[in-house]
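J.: After the structure tokens below, expect a handful of questions from me.
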Amino acid sequence: MSIIDDSIYLFGGTNGKMRFDDLHLYLISDNIWKNNPETYGDPPTKRSGHSASVIENQIWIFGGRSEKGNFLNDLYCFDTDTYTWYNIEMNGLKPRPRAWHTGNFIDDQLIIFGGGSFSKTFNDVWVYSLTGENWYEADVKGKQPEPRYAHSSVLLKNCLWLIGGVAAFEKVVELTILDMDSASWNYVNESGDIPKVNSRQVSCLLDPKDEQVLVFGGELKGNYSNDVHIFTPNISKVVLNLEDLNLENKQKKAIQPNEIEKDNKKGNNSDDSTTENENIKRLEKFLEKILK
């Protein structure tokens, strides 16, 4: 789900039995939905678990799971002014296929964190530069957060706040901060009415001036919530300086075909009628074995 001006855009997703590639538009001021408006260009394939990140009048779609259950690492851009899709094709270094990650824009850089596949859960930070038109992995200092998926993220001032998610053994993960000014990981001792659920929640910034984050819903071990929590981070006002971030290429080699095959080992054999919840349970059981 993406918000641009007074419009909400919804692309793809799943109903638990099948995945979609349709686009829906909700006009807030008119209180009406526009379903499947005519678009142009090269649209993404059917998928769920992808990220949808907004910069100006554009929505950038990354990754997710395909109609057959494979994990993806492709990148698309949707121009909301012309209703045109662009497939951002590239070779060389890029993130491994994944779903249930998060994506946030900082200036002209798309920041991807975490996510999972059948073979791995991630805690890496990848950056796509719109100016350089290339991917590279960020070099972030400090203790790395636990690998996680199905978390949410909010950008506030110079910090990317990572909320919840699923780690090994369905463990509730800590509230984590990626400090963009110092290029380091930080952790928060939470207080107050802490949400009991830890994954698949929705988080958004209420008001940048008030520095408040709204967290709605979520799931923990099959139990779902419609609770609303408001979190007030204690951070000082600083100016974002991307030059200090040290988002450098780690000189890693490009992804090899056998790595993608490993990520999608079970996805290729999955039944299209298998529900998303069943796939998630299979993934969590598999992760418990490899992370012991």
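The values are calculated or read from the model by the stated rules, or taken from the named source; none is laboratory data. A quick note: this is a predicted structure, and the numbers were derived from the prediction, not measured. Cβ: placed from backbone, ideal geometry, glycine included. Neighbour counts: every protein chain shown.
J.: Taking the condition of being closer than 19 Å to residue 82 by Cβ and among the aliphatic types (A, V, I, L, M), how many residues in segment 11-46 meet it?
T.: 3
J.: Here's a follow-up. Does any residue of segment 5-27 turn out to be polar (S, T, N, Q), without any contact (Cβ under 8 Å) to a residue 60 or more places away in the chain, farther than 28 Å from residue 218 by Cβ and out of contact with any Leu (no Cβ under 8 Å at 6 or more places or on another chain)?
T.: No, every residue in segment 5-27 fails to be polar (S, T, N, Q), without any contact (Cβ under 8 Å) to a residue 60 or more places away in the chain, farther than 28 Å from residue 218 by Cβ and out of contact with any Leu (no Cβ under 8 Å at 6 or more places or on another chain).
J.: Filter segment 206-230 down to the residues that are among the hydrophobic types (A, V, I, L, M, F, W, C) and modelled with pLDDT under 85 and list them by number.
T.: 206, 220
J.: Report yes if some residue within segment 58-73 is assigned to a strand (DSSP E or B), on the phi > 0 side of the Ramachandran plot and more than 19 Å from the chain's Cα centre (by Cα); otherwise report no.
T.: Checked against the condition, which is being assigned to a strand (DSSP E or B), on the phi > 0 side of the Ramachandran plot and more than 19 Å from the chain's Cα centre (by Cα), segment 58-73 yields no hits at all.
J.: Among the listed residues 154, 140, which satisfies the condition of being under 28 Å from residue 181 (Cβ atoms), aliphatic (A, V, I, L, M) and in contact with a Cys (Cβ under 8 Å, 6 or more places away or on another chain)?
T.: Residue meeting the stated conditions: 154.
J.: Identify the residue in segment 1-52 that is in a strand (DSSP E or B) and touching a helix residue (DSSP H, G or I) at 6+ places or on another chain (Cβ under 9 Å) and, among all such residues, is farthest from residue 148 (Cα to Cα).
T.: This residue is 19.
J.: Check segment 101-111 and report whether any residue there is in contact (Cβ under 8 Å) with a residue 12 or more places away in the chain, under 28 Å from residue 206 (Cβ atoms), out of contact with any Cys (no Cβ under 7 Å at 6 or more places or on another chain) and of a type in the set (Ser, Thr, Tyr).
T.: yes
J.: Something else about it: So which of 57, 15, 31, 35 is in contact with a His (Cβ under 7 Å, 6 or more places away or on another chain) and loosely packed, with under 13 Cβ neighbours inside 10 Å?
T.: After ruling out the rest, the residue left standing is 35.
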